[in-house]
Amino acid sequence: MVELTIDNQRVRVKKGTTILEAADKFNITIPTLCHHENLTPLGSCRLCTVEVIVNGISKLTTACTFPVEQGIEVRTTSQKALEARRLAAELLLAKCPTSAKIKSLAQEIGVAKPRIKVREEDCILCELCVRTCREIVGRQALKFINQGLNQRVEPRIDFLPDMCIGCGSCAYVCPTGAIKMEDKDGTRVVYARNWEKDFKLKKCKVCGNYWAPEEQLEYIRGKLNLPPDFFDVCPNCR
Amino acid sequence: MGKVVFSSWAGKTVDNRGLGVKQHAYAEDLGLPSGYDHTEAAAFMGWDGFVVWDEKVNVVDMVHAYIKEVQKVCCGECMVGYIGITVLADTLARILDGKGREKDIDLLQWLANGIKENAGCTFGQTAPIPIIDSIKYYRDEYLKLIKNKKAVPKSNYKVMVTAPCMEACPAHLDIPGYIQLIRNQRYRESLSLIRNGVCLPSVIGRVCTAPCEEACRRTQYDGRVCIRLLKRYVADWEMNSGLTPSSAKPRKSKEKVAIIGAGPAGLACSYNLALKGYQVTIFEELSVAGGMAAVGIPQYRLPTKILERDIELIQKAGVEIRLNTKIGRDLEMEGLWKDDYKAIFIAIGAHKGRKMGAEGEDNDYEGFVDGMKFLQDVNLGRVIEPKNRVLVVGGGDVAVDCARSCLRLGFRDVNIVYRRSRVEMPARKAEIEEAEKEGVKISYLVTPTKILARDGKVIGAECIKMALGEPDSSGRRRPIPIKGSEFVMKADMIIPAIGQQPDLSFLPDRNQIKLAKQMTIETDTTTCQTSGEGIFAGGDCVTGPAVLIDALASGNRTAQSIDQYIRKGKVTQGEDSKLESAVKGINLSEQREQEIVPREMPQITSQLSLKKRFGNFREVENGFNTEAALEEAKRCLRCYRVMVWLPAK
């Protein structure tokens, strides 16, 4: 167990707990965007920034990535922390002004309109899609490529069509709507601004409804070692 | 360093503005790069501040040039850093275009501070510091540009990006870069970045002495990042996935280059030249390629198949290796010119054992085998009859390798005798510890003075005890024999391993190629040219016994020189190496702001259990599994340092 202070409360939590998890346990809410409790934290959006005092030195850090340490003091609503959050929110809103999720988060944090202009894009590189595909679905159809010294790339999320099974989890977790999914006439299309892939949907032998992409069902069937005809019938008719 | 107009570095400020040159104070103790001063640079800007030597410098323009470089290195993984730096660059460009507004200064300050406080990595947190300084001390310059509403001309700056680990690496690998690619599971890209500087990634991932890890800034918090093992991870990943690197088709050039010696230096040079399109032939005396990596490092540290794979990939890049071909025996060096080779690179290593100076060492006694010869026999699979008691003489890696090999061959009682103490022992600490764990006994402050033999067979050595005196030229305390302390150590075998030197007997004309005092080849340190026209040299035959990464780095450097030599007929010191020397004297580890780093200890790998190590040469160290590699990759703080110089007019 580790003892620390969060907003003047002395608390004890398990070693390895992040600040965000510890705060949550004591009903202290910290805004988040790129965080998901079932995924490895990344610290990309910086909205969960808190002030941490370690050995008398005050610093900012992201609550989602920082594991608690004995004796630290965490301030989730200090002036310093709130200012940093506002800056992060303003940058995100400038990048992605049309996203409902970002607009409402920014408003919550106290930013109505960004005073800066950048090239607007719908993707904020939060990697929720990358992490979901890898950690939940067990595929790597989406991969982040970072910029770097002599790397001559812009940071972006690459789509690897051969790896995609059309499950649509990425579209589901995407906070800005940069990844979308549509089912129509027996076809599913999963797409973003610069990529798309069509999937043939499986028709239920009983009710005749299209109910899931064939590639996804094949993937699940292989993983669970199910009989070849297992998915001929949809769950509703089974 | 010279007199400065203004300097703000590492929190120290010298402000001589408006004083006139004569009154300018010196700024000798600022800890700035020593390679450039006012005679060469008008201004300098880097992660911890900036310096102005020439009053006329447009500081805002320099900030803009600097942030443009910062922008290229910024990874895009945290939004405050990525979007924030973009906005900084755009805003500065606007001001320089004469379209700035006064509130832009506040915007710059707000963003720069915000990034400094809350970027996700050390690079992001340190990069905005010179901007903050420039606004603090050169606010008027900003205001002037904004009020004039005129676009100002932009200057050209010299750029250098490095990091403490990159600078410590002789090959200057982009370490934070390839680690981050591992973190993003971009193993292919990571490995291709590694191959830019190291053509033997699986080898170096196993046996590198890793000076980068010693320079790692994470050491001051919880422990270094295991850089070497991360490199090994991606190299092994490629091999285990059955993949081969995709190599771009080089432009074809007819020019031929001859390389003498297929060791690390020769291979590195050949690989780089092949990628540039040259026809490269390596002449190798032994029946195997790899040099010291093949015959000097035992298989329990570096399995043969690992080395062979790296070499195979080099051959695939277009390098021809002629084994069993000794220059000076099978071919004459002079003849290479007639065969139309345009340049020769001598990289023969240092394989000849030094003499101990003990009586009887030249008597060819049975059981008296030089360390290098012994390791060569072991690695080439020649039969070695295990003896009862062996004395290995020396304290370097070769001595430890010999001793540990003896144990694996079934020698019962393995002893190292070293003339100084444990502290001075040059072998790697981890290697010494493993040797002791395995049962090697080490006697310190002892040296053999006479080899004892009966019927031409070694039966032991007369030894003398030593005491440590004043430090010698190597900086280590000099061993001094204690009179009357002679004693006898029994042994069936004695392996001297006290250092190696190159065997230069093949050189046709000693006058043509100058040698250094230590019987090594003398070269220009940056261009690797010898005194012979068109002849270059590198690796251990120039430096004396050194580590693998040094040899690779010298091979890389020589490839650049040979390319220049063939294309232009002469070699000049490149801008790269000039910049390289420019950062000498600067402490890359230091920065004004300390980050807070949660304690996460380095990942550890498993080792082959002790009892499985005898009677075989199985690899002792295991690599990271994927999980450990990803965890370890997350630990990198990314301490990139961006620097720009404005050359003096």
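All of the numbers you see were taken from the coordinates with simple rules; none came from a lab. Since the structure is predicted, the reported quantities are computational estimates derived from the model, not experimental observations. Ideal geometry is used to build each Cβ from the backbone, glycine not excepted, and the neighbour counts take in all protein chains shown.
For a test of the definition: using alpha carbon positions, the gyration tensor, and the 1.5 limit on a/c, classify the range B:139-198 as rounded, prolate or oblate.
prolate
Which one, B:518, B:558, B:546, is farthest towards the positive end of the dipole of the protein assembly as shown when Lys and Arg carry +1 and Asp and Glu -1 on their Cβ?
My answer, from the dipole projection, is B:558.
With both bridge residues required to lie in the protein assembly as shown, what share of the DSSP beta bridges run antiparallel, to the nearest 5%?
Just about 70 percent of them are antiparallel.
Modelled label-to-label distance, residue A:198 and residue A:150, 7 Å Cα→beta-carbon offset: nm?
Those two pseudo-labels are separated by 4.4 nm.
If I fit a long axis through the Cα atoms of helix B:79-96 and take the longest principal axis of the Cα atoms of chain B, what angle between them do I get, 0 to 90°, rounded to 10?
50
If you build the Cα gyration tensor of the range B:353-510 and take the root of 5 times each eigenvalue, what three semi-axes come out, in whole angstrom, biggest first?
In descending order, the three semi-axes are 22, 20, 18 Å.
Counting pairs of Cα atoms in the range A:128-232, how many percent are more than 25 Å apart?
Cα-Cα pairs in the range A:128-232 separated by more than 25 Å: 27 percent.
First check a/c for the range B:575-649, with a ≥ b ≥ c the square roots of the eigenvalues of its C-alpha gyration tensor; if it is under 1.5, answer rounded, and if not, answer prolate when a/b is larger than b/c or oblate otherwise.
Prolate, because a/c is 1.5 or more and a/b exceeds b/c.
With the contact rule set at Cα under 8 Å and sequence spacing of 6 or more, what percent relative contact order holds for chain B?
19
Across peptide B:591-598, how many C-beta atoms of other chains are within 10 Å of each residue C-beta, on average?
4
Take the Cα atoms of chain B, build their convex hull, and give its volume per residue in Å³.
179
If the convex hull of the alpha-carbon atoms of the range A:143-187 is projected onto planes in all directions, what is the mean projected area in square nanometres?
The directionally averaged projection comes out at 4.3 nm².
How much mean residue ellipticity at 222 nm does chain A get from its helices, if each DSSP H run of length 4 or more adds -39500 (n - 2.57) and you divide by all residues, to the nearest 500 deg cm²/dmol?
Calculated from helices alone, the mean residue ellipticity at 222 nm is -6500 deg cm²/dmol.
So what's Rg/Rh here for the range B:276-375, counting alpha carbon atoms and using the Kirkwood radius for Rh?
We get a ratio of 1.05 for the range B:276-375.
With both bridge residues required to lie in chain B, what share of the DSSP beta bridges run antiparallel, to the nearest 5%?
55
Pull out a ≥ b ≥ c, the square roots of the eigenvalues of the alpha-carbon gyration tensor of the range B:218-307, then state rounded if a/c is under 1.5, prolate if not and a/b is larger than b/c, and oblate in the remaining case.
Here the range B:218-307 falls in the prolate category.
Counting every Cα pair in the range B:78-192, what percent are over 24 Å apart?
41
Sort the following peptides by mean Cβ neighbour count (other Cβ atoms within 10 Å, averaged over residues), highest first: B:161-170, B:3-12.
B:161-170, B:3-12
Cut-off under 16 Å on the C-alpha distance; same-chain residues fewer than 8 positions from residue A:205 excluded. Which lysines are left, in chain and number order?
Candidates past the 8-residue exclusion: nothing left.
Just name one of B:157, B:51, B:146: the one whose Cα is farthest towards the positive end of the charge dipole of the range B:6-162 (beta-carbon charges, Lys/Arg +1, Asp/Glu -1).
Farthest along the dipole direction, towards plus: B:146.
Which angle between 0 and 90 degrees, to the nearest 10, do you get for helix A:100-109 versus the longest principal axis of chain A when only C-alpha atoms count?
Approximately 10 degrees, to the nearest 10.
Sticking to Cα atoms, compute the Rg of the range A:97-186 to one decimal and its Dmax as the biggest Cα-Cα distance, whole number, in Å.
Gyration radius and largest Cα-Cα distance of the range A:97-186: 15.4, 47 Å.
What net charge is computed for the residues neighbouring residue B:143, neighbours being all others with C-beta under 14 Å from the C-beta of residue B:143, Lys and Arg scored +1, Asp and Glu -1?
Spelling it out: positives minus negatives among the neighbours equals +3.
May I ask which residue of A:206, A:231, A:27 lies farthest towards the positive end of the charge dipole of chain A, with charges of +1 (Lys, Arg) and -1 (Asp, Glu) on Cβ and the Cα centre as origin?
Sorting the options by dipole projection puts first A:27.
According to the Cα gyration tensor, what semi-axes, each the square root of 5 times an eigenvalue, does the equivalent ellipsoid of chain A have, listed from largest to smallest in whole Å?
Taking √(5λ) for each Cα gyration eigenvalue gives 39, 23, 16 Å.
Taking the Cα centre of chain A as origin, work out the dipole magnitude from +1 charges on Lys and Arg Cβ and -1 charges on Asp and Glu Cβ, in debye rounded to 20.
In total the dipole reaches around 260 debye.
Counting every Cα pair in the protein assembly as shown, what percent are over 40 Å apart?
So the pairs more than 40 Å apart make up 50 percent of the total in the protein assembly as shown.
Report relative contact order for the range A:2-109 in percent, whole number only (criteria: Cα-Cα under 8 Å, sequence separation at least 6).
Relative contact order for the range A:2-109 comes out at 28 percent.
Using unit Cβ charges (K, R positive; D, E negative) and no other charged atoms, how large, in debye to the nearest 20, is the dipole of the range B:528-649 about its Cα centre?
100
Going by average Cβ neighbours within 10 Å, how do the peptides B:44-52, B:563-571 rank, with the highest at the top?
Going from most to least packed, we get B:44-52, B:563-571.
Expressed as an acute angle from 0 to 90° and rounded to the nearest 10, what is the orientation of the C-alpha long axis of helix B:397-409 relative to the principal long axis of chain B?
For helix B:397-409, the angle is close to 50 degrees.
Computed from the mean reciprocal separation of all distinct C-alpha pairs, what Kirkwood hydrodynamic radius does the range A:2-109 have, in Å?
Computed over the range A:2-109, the radius equals 14.1 Å.
Sorted from largest down, give the three principal axis spans of the alpha carbons of the range A:57-103, whole angstrom values.
42, 20, 13
Which of A:117/B:116; B:429/B:490; A:15/A:80; A:143/B:116; B:254/B:338 have a Cα-Cα distance over 18 Å?
A:117/B:116; B:429/B:490; A:15/A:80; A:143/B:116, as the Cα separations exceed 18 Å there.
Just from its helices, what would the mean residue ellipticity at 222 nm be for chain B, if runs of 4 or more DSSP H residues each count -39500 (n - 2.57) and the sum is divided by every residue, rounded to the nearest 500 deg cm²/dmol?
Per the formula, -10500 deg cm²/dmol.
Give me the compactness ratio for the range B:490-649, meaning the Cα radius of gyration over 2.2 N^0.38 Å.
1.53
Give me the percent relative contact order of chain A, please, defined on Cα pairs under 8 angstrom at least 6 residues apart.
Computed over chain A, the figure is 12 percent.
Assign unit charges at the C-beta atoms only (+1 for Lys and Arg, -1 for Asp and Glu), then state the dipole size of the protein assembly as shown relative to its Cα centre in Debye, rounded to the nearest 20.
So the magnitude is around 1240 debye.
Starting from the Cα of residue B:56, draw a straight line to each of the aspartates and glutamates and keep only those under 19 Å, dropping any in the same chain fewer than 8 residues away.
Within the straight-line limit of under 19 Å, residue B:56 reaches these aspartates and glutamates: B:15, B:37, B:40, B:97, B:133, B:140, B:141.
Using C-alpha positions alone, give me the convex hull volume of the range B:6-162 per residue in cubic angstrom.
110
Determine the sum of side-chain charges near residue B:490: Lys and Arg each +1, Asp and Glu each -1, restricted to other residues whose C-beta is under 15 angstrom from that of residue B:490.
So the environment of residue B:490 carries a net charge of +3.
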